[in-house]
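The values are calculated or read from the model by the stated rules, or taken from the named source; none is laboratory data. Computed from a prediction, not measured in an experiment: that's the story for all the values here. No Cβ is skipped: glycine too gets one built from the backbone with ideal geometry, and neighbour counts run over all protein chains shown. Accessible surface is based on the protein model in full, side chains and every heavy atom, while ligands, DNA and RNA are left aside. Shrake-Rupley method; radii C 1.70, N 1.55, O 1.52, S 1.80 Å.
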Amino acid sequence: MSKPHKNSQHIIEIKSVTEKGFGVGEIGGFVVLVDGTLPGETVKTLVVKVKRNYAYGKIIQIVTASPFRVKSACGVAAQCGGCQFQHCKYSEQLAFKKQFVINALEKIGGFSSPHVSDVIGMENPVRYRNKAVFPVVPDTIIGMFAPRSHRIIEVADCAIQHEAHIGVLAAVKKHMLRRKITAYDETAHKGLVRHIVVRTSLETNEVMVVIVINGKNLPKSSKLVESLTGLGVTTVLVNKNTAKSNTIFDQSDESFEVLHGTGYIREKIGDITFELSAPSFFQINPIQTKILYETAIAQAGLDSTQTVIDAHCGVGTVALFAARHSRMVLGVDIVSAAIDDAKKNAAQNGITNAEFTCGAAEEVLPKLMLKPEIPDVIFLDPPRKGCDRVLLDAIIAAKIPRVVYISCDPATFARDAKILAAGGYALSTVQPIDMFPFTGKVETVAVFIF
């Protein structure tokens, strides 16, 4: 096996695809990743970078196209880092995502031929995102990051964003240009507007806009509010973030200023209404969220005698669904604003058998596990980095009968699944759900039984 040279050209066959949208082929046994290609395709490739164990290639010509290749509905899909599979038929994307989960469980988790159910997809996989964060950079360019860079691709429209988002961007840009308001330069730490955050509700049609600024005031903000409310925006906030970092919000309460409306929006999933503040986590695809939580609750096998823990409860989504089917639920989250929202959501929905506490799950729950009464079911819905080892060890030590793991990253899920399996848990079911059509991301609901 010999490495190809940079700038050399080759005809290669694509065998598989990665979560980041790279087709995988070989040149003389050496792995080459070619962006934007699909399995079964033969492509003429220019080698653009050679690393120790693999190389990157760029398409010169598609010699033989995949039958699943389609024309992208997005004009900037090839430049924007938001989607990886706009050029692929949707049914085949679901097959890819099932294989991503299987690969992770086999290669990272050490499971042999794990049974993974077919991915539950969307009937109409467009305009599904209910939240978007748009960076703003000098020359008033507003859009999305290009893949693997800090370069911004300006977005005139986006097929996966809610229709309200694009109109908001246009209104903010017009306001900035008219008032000569500067965009933020992260290198110089100068300029005012850093990000535009838009959050929408499918059920109530409420729209939240947050302008993140590197300063104390947004000039002529009343004029911007007037423009935004004319588009149907129901609440407008400013977040004052002057930190030299790439975090979106300053999370302190005093950093948020409500310019119009209530400062939150409401969303309804099933028969439960949720109140969402700006920093609170909520799933970005409301249609699939209902399926996700219904699946998780069904797989938990709850009854009215059981005690349940939701270890990463956010605004109380899983906890409040679980409360309808159990004796008692305790929700834990590290974000204080989310816990405040969870308590409000429980009260507004008349749910009295759910309690919420603020703190890191890996700090709060190990102490709870020392009590004589062990919970019957624990829900894990961690961020992309997965669960802290301390939390997993506490679950194993307590021998909680059933663990329902909701994951947004197959790799960290497989890592944690390996730890649980080594601790005596059997992996019972694995159900992937497509929360993010046209991207390489996939959500998974899995059950572990002790």
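Assorted remarks:
- Residue in the stretch 383-395 that is nearest to T317 (Cα to Cα), counting only those that are open to solvent by less than 30 Å² (accessible area, probe 1.4 Å) and of a type outside the set (G, A, S): C387
- Qualifying residue in the stretch 92-106 (condition: more than 21 Å from the chain's Cα centre (by Cα) and in a loop (DSSP other than H, G, I, E, B)): no
- Some residue of the stretch 157-174 being modelled with pLDDT under 95 and in a strand (DSSP E or B): yes
- Criterion applied to K240, K268 was being among the charged types (D, E, K, R) and at pLDDT below 95, and the one residue passing it is K268.
- Filter result for S72 (part of a loop (DSSP other than H, G, I, E, B), of a type in the set (G, A, S) and over 26 Å from the mean Cα position of the chain (by Cα)): no
- Checklist (1) part of a loop (DSSP other than H, G, I, E, B); (2) aliphatic (A, V, I, L, M); (3) modelled with pLDDT of 95 or more applied to I59, failing item: (1)
- Selected residue [free of Cβ contacts under 8 Å to residues at least 60 places away in the same chain, buried (at least 18 other Cβ atoms within 10 Å of the Cβ) and in a loop (DSSP other than H, G, I, E, B)] from S112, S66: S66
To keep it simple, each residue is scored yes or no on (1) closer than 22 Å to R129 by Cβ; (2) of a type in the set (G, A, S).
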{"residue": "K216", "(1), (2)": "no, no"}
{"residue": "L237", "(1), (2)": "yes, no"}
{"residue": "S245", "(1), (2)": "no, yes"}
{"residue": "D250", "(1), (2)": "no, no"}
{"residue": "E294", "(1), (2)": "yes, no"}
{"residue": "Q299", "(1), (2)": "no, no"}
{"residue": "V308", "(1), (2)": "no, no"}
{"residue": "A311", "(1), (2)": "no, yes"}
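- Check on L380, within 30 Å of P410 (Cβ to Cβ), surrounded by 14 or more Cβ atoms within 10 Å (Cβ to Cβ) and out of contact with any strand residue (DSSP E or B) (no Cβ under 6 Å at 6 or more places or on another chain): no
- Spans of strands (runs of 3 or more DSSP E) in the stretch 258-335 with at least 3 residues surrounded by fewer than 23 Cβ atoms within 10 Å (Cβ to Cβ): 264-269, 272-277
- Residue check, E254 touching a helix residue (DSSP H, G or I) at 6+ places or on another chain (Cβ under 7 Å), at pLDDT below 95 and either farther than 26 Å from V403 by Cβ or not in a loop (DSSP other than H, G, I, E, B) (or both): no
- Meets criteria (aliphatic (A, V, I, L, M), closer than 23 Å to A77 by Cβ, open to solvent by less than 10 Å² (accessible area, probe 1.4 Å) and at pLDDT below 95) for I142: yes
- Meets criteria (in a loop (DSSP other than H, G, I, E, B) and open to solvent by 50 Å² or more (accessible area, probe 1.4 Å)) for G82: no
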